[in-house]
1. Can you tell me which residue within the stretch 206-259, out of those that are of a type in the set (A, V, I, L, M, F, W, C) and outside any helix (DSSP H, G or I), is modelled with the highest pLDDT?
2. In contact with a helix residue (DSSP H, G or I) (Cβ under 9 Å, 6 or more places away or on another chain) and of a type in the set (Lys, Arg): which single residue out of 227, 236 fits that description?
3. Within the stretch 143-164, count every residue that is out of contact with any helix residue (DSSP H, G or I) (no Cβ under 6 Å at 6 or more places or on another chain) and either over 17 Å from residue 126 (Cβ atoms) or not in a helix (DSSP H, G or I) (or both).
4. Which is open to solvent by less than 20 Å² (accessible area, probe 1.4 Å), modelled with pLDDT of 50 or more and farther than 20 Å from residue 182 by Cβ, of 95, 55, 68?
5. Conditions first: (1) under 23 Å from residue 190 (Cα atoms); (2) buried (at least 18 other Cβ atoms within 10 Å of the Cβ). Residue 124 passes all but one, so which condition is the exception?
6. For the stretch 127-158, how many residues are in contact with a Leu (Cβ under 8 Å, 6 or more places away or on another chain), free of Cβ contacts under 8 Å to residues at least 40 places away in the same chain, farther than 21 Å from residue 100 by Cα and surrounded by fewer than 22 Cβ atoms within 10 Å (Cβ to Cβ)?
7. Enumerate the pairs (first residue in the stretch 159-183 and closer than 10 Å to residue 144 by Cβ; second residue anywhere and hydroxyl-bearing (Ser, Thr, Tyr) and assigned to a helix (DSSP H, G or I)) with beta-carbon separation below 6 Å, excluding pairs fewer than 6 apart on the same chain, so at least 6 apart or on different chains.
8. May I ask you to list pairs of residues, at least six apart or on different chains, whose Cβ atoms are under 8 Å apart, with the first in the stretch 230-256 being under 19 Å from residue 55 (Cβ atoms) and the second being of a type in the set (Ser, Thr, Tyr)?
Amino acid sequence: MAKYTTSSSRHACFLRGAAIALVALSLAGCANQPKKELTTGSISRTSKPVQSMTAPELSAAAESIGQAYEKNPKDREAGLNYANLLRMTGRNEQALAVMQQVAINHPSDREVLGAYGKAQAAAGQLEQALATIGRAQTPDRPDWKLKSAEGAILDQLGRAQEARLRYREALDLKPNEPSVLSNLGMSYLLTKDLRTAETYLKSAASQPGADSSVRQNLALAVGLQGRFQEAETIARQELSSEQAEANVAYLRSMLSQQGAWKELAKADDKKVAN
């Protein structure tokens, strides 16, 4: 593979990696963990919230719930949970296939359509995902989670202004929701506006109910500005020793790539100066 030779290409490469890191870091405990959905709850048929599961535990849960789903493919809850776990363990194409079948069985279910759209996005089908989530949204009953999901997809498509509009619409429906504030902050990080990103991420982290993924995103934004010690302190909060070390190691690896944080910080300083 050719080496990157321009500042813009280095920025693009690093920021793509940062976007993936947001998700990997949020699954505390695995520095090389594949992508996961940013907001997950407890999965029925398991005794432990998915946020605190290790990679082997996630795989075991996926196998168990997968067996239940195979026995009854029309079981909506099993299908949703199985697809979610498949995404969390990096099996995006398999998750998409499951959600496609669930959507066929429940074509008017907004939650199913939203999950189907997220599965499409995880599998790289961004335009299709945007259309699917759009079908799940209704003008008379707007859903803040779907608005935020639309924003995340628009950010991946490079349509930052539209993405931020969706996040703000979500915040109108759910004021101070930490997951939305975090997504909004990361939208600014991905366009190299580090100070604005940090402002939103600090606000997100200060909200009741903010989970570890929000603080890991804040740690990344702080670290990208060269404040490594502060970033590591944030990254270690509320985690076990093993989880904290894994996340800090991943954070360090992200921040060491080609000195990209220095270039981003310089770009941010120029914005302030102008």
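1. Residues of the stretch 206-259 that are of a type in the set (A, V, I, L, M, F, W, C), as a first pass: 210, 214, 218-222, 224, 228, 231, 234-235, 239, 244, 246, 248-249, 251, 254-255.
Keeping just the survivors that are outside any helix (DSSP H, G or I) gives 210, 224, 239.
Numbers: 210: 92, 224: 89, 239: 72.
Checking each candidate, the answer is 210.
2. Working: 227 fails: in contact with a helix residue (DSSP H, G or I) (Cβ under 9 Å, 6 or more places away or on another chain).
One residue alone meets the criteria, 236.
3. Residues flagged as out of contact with any helix residue (DSSP H, G or I) (no Cβ under 6 Å at 6 or more places or on another chain) and either over 17 Å from residue 126 (Cβ atoms) or not in a helix (DSSP H, G or I) (or both) within the stretch 143-164 amount to 4.
4. On the way: 55 fails: open to solvent by less than 20 Å² (accessible area, probe 1.4 Å); 68 fails: open to solvent by less than 20 Å² (accessible area, probe 1.4 Å).
The unique qualifying residue is 95.
5. All conditions are met except number (2).
6. Total satisfying the criteria: 5.
7. Within 6 Å, the pairs are 170/148; 180/148; 180/167.
8. So the pair list comes out as 239/212.
The values are calculated or read from the model by the stated rules, or taken from the named source; none is laboratory data. Predicted, not measured: the structure shown is a model, and the values here were computed from it. Cβ coordinates were reconstructed from backbone atoms using ideal geometry, including for glycine residues, and neighbour counts include every protein chain displayed. Remember, those area values only see protein heavy atoms, side chains included, never the ligands or the DNA or RNA. Shrake-Rupley method; radii C 1.70, N 1.55, O 1.52, S 1.80 Å.
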